1. For the range 6-66, build the convex hull from the C-alpha positions and give me its volume per residue in Å³.
2. As a test of the definition: which semi-axes, in Å, follow for the range 132-191 when you take the square root of five times each eigenvalue of its alpha carbon gyration tensor? Largest first, please.
3. Using Cα pairs closer than 8 Å and at least 6 residues apart in sequence, work out the relative contact order for the chain, in percent.
4. Excluding Y22 itself, what net charge comes from residues whose Cβ is under 14 Å from its Cβ, given Lys and Arg +1 and Asp and Glu -1?
5. Whole-Hz Karplus ³J(HN,Hα) for the range 182-191, in order, using 6.51 cos²θ - 1.76 cosθ + 1.60 and θ = phi - 60°, x for Gly and Pro?
6. Tell me, what HN-Hα J-couplings in whole Hz come from the Karplus equation 6.51 cos²θ - 1.76 cosθ + 1.60 at θ = phi - 60° for each residue of the range 49-55, using x for Gly and Pro?
7. Decide, for the chain, between rounded, prolate and oblate: order the square roots of the alpha carbon gyration tensor eigenvalues as a ≥ b ≥ c, take rounded if a/c falls under 1.5, and otherwise choose prolate if a/b is larger than b/c, else oblate.
8. Could you go through the range 58-70 in sequence order and give the Karplus-derived ³J(HN,Hα) for each residue, using 6.51 cos²θ - 1.76 cosθ + 1.60 with θ = phi - 60°, rounded to whole Hz, and x for Gly and Pro?
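The values are calculated or read from the model by the stated rules, or taken from the named source; none is laboratory data. Because the structure is a prediction, the values reported are computed rather than measured. Virtual Cβ from ideal backbone geometry, glycine too; neighbours counted across all protein chains shown. We work out accessible area using only protein heavy atoms, side chains counted, and drop any ligands, DNA or RNA first. Shrake-Rupley method; radii C 1.70, N 1.55, O 1.52, S 1.80 Å.
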Amino acid sequence: MQTRHSTRKFKTDSVEKNKLEYIIEAGRMAPSGGNTQLTHFVVITNPGVLAKLITLVQEEYGKMEITENMLPYMVNIIKAAAAGTFVFNYNAPALVILTSPRTYGNNFADSACAMQNMMLAANELNLGSCWVNQLRWLHDNPVVMDFLATLGISQDEMVCASLVVGYANLPNGLPIRKVNEPKGYKVTFID
Ligand SMILES: Cc1cc2nc3c(=O)[nH]c(=O)nc-3n(C[C@H](O)[C@H](O)[C@H](O)COP(=O)(O)O)c2cc1C
């Protein structure tokens with residue numbers, strides 16, 4: 001937990017299947033509300049499918065209008081998408097999409113528990129990972145949802161989170177491992 005950090009630069013090397021399976025098993029060990037275990041883990045490593053998804057996500061963000069009160073982060077995404085340079089998955093060779101029934105009240109909470117387990121498992125395997133939210137924000141986008149339907153994600157499911165995974169393209173080939181003291185978060189003990 002101390003050494004887990006997000007990786008946003010990846011080598012093109014694919015991730016071994018047994019390592020991806022280990023990460024997914026870690027996600028499946030996460031707690032879920034009422035032990036319902038409704039999260040659907042969709043693991044995409046097929047380069048053609050990833051390329052298609054990158055293109056669709058780019059096109060859909062590229063169509064969006066920049067509005068006055070929009071967060072600068074979103075403005076940058078839309079501008080990059082319109083310029084054809086937005087790659088939502090940082091070109092990682094593996095993408096894990098977590099979906100859950102749209103009407104299930106704990107869909108995001110359950111997904112977040114699974115995400116943390118998977119990020120810790122990836123770190124343990126010397127793999128880099130990063131939570132990317134750009135697919136989740138398109139969970140009502142018909143073009144993206146129609147494509148996800150071809151991958152077995154039904155319209156009743158909602159994209160709650162997604163994780164990119166791969167080998168870090170950093171000088172030592174490892175994810176960043178520095179230990180940071182938390183600077184935010186309020187903690188209140190009532191003794
Ligand atoms: C709910 C959530 C959403 C996030 N969405 C994104 C994202 O869309 N793109 C991204 O690059 N990082 C995203 N992150 C990663 C955070 O930016 C990152 O965890 C945070 O800056 C702390 O850095 P660290 O992970 O390296 O410790 C997200 C993290 C969380 C928990």
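1. 167
2. In descending order, the three semi-axes are 34, 23, 9 Å.
3. On the way: 315 pairs, mean separation 68.4, N = 191.
Relative CO of the chain lands at 36 percent.
4. Result for the neighbourhood of Y22: -1.
5. Using θ = phi - 60°, the values come out as x, 9, x, 6, 9, 10, 10, 9, 10, 8 Hz.
6. Values, residue by residue: 5, 4, 4, 5, 5, 4, 5 Hz.
7. Working: a/c = 1.25, a/b = 1.17, b/c = 1.07.
Rounded is the answer for the chain, as its axis ratio a/c remains below 1.5.
8. Using θ = phi - 60°, the values come out as 4, 4, 5, 5, x, 7, 6, 8, 7, 10, 4, 9, 5 Hz.
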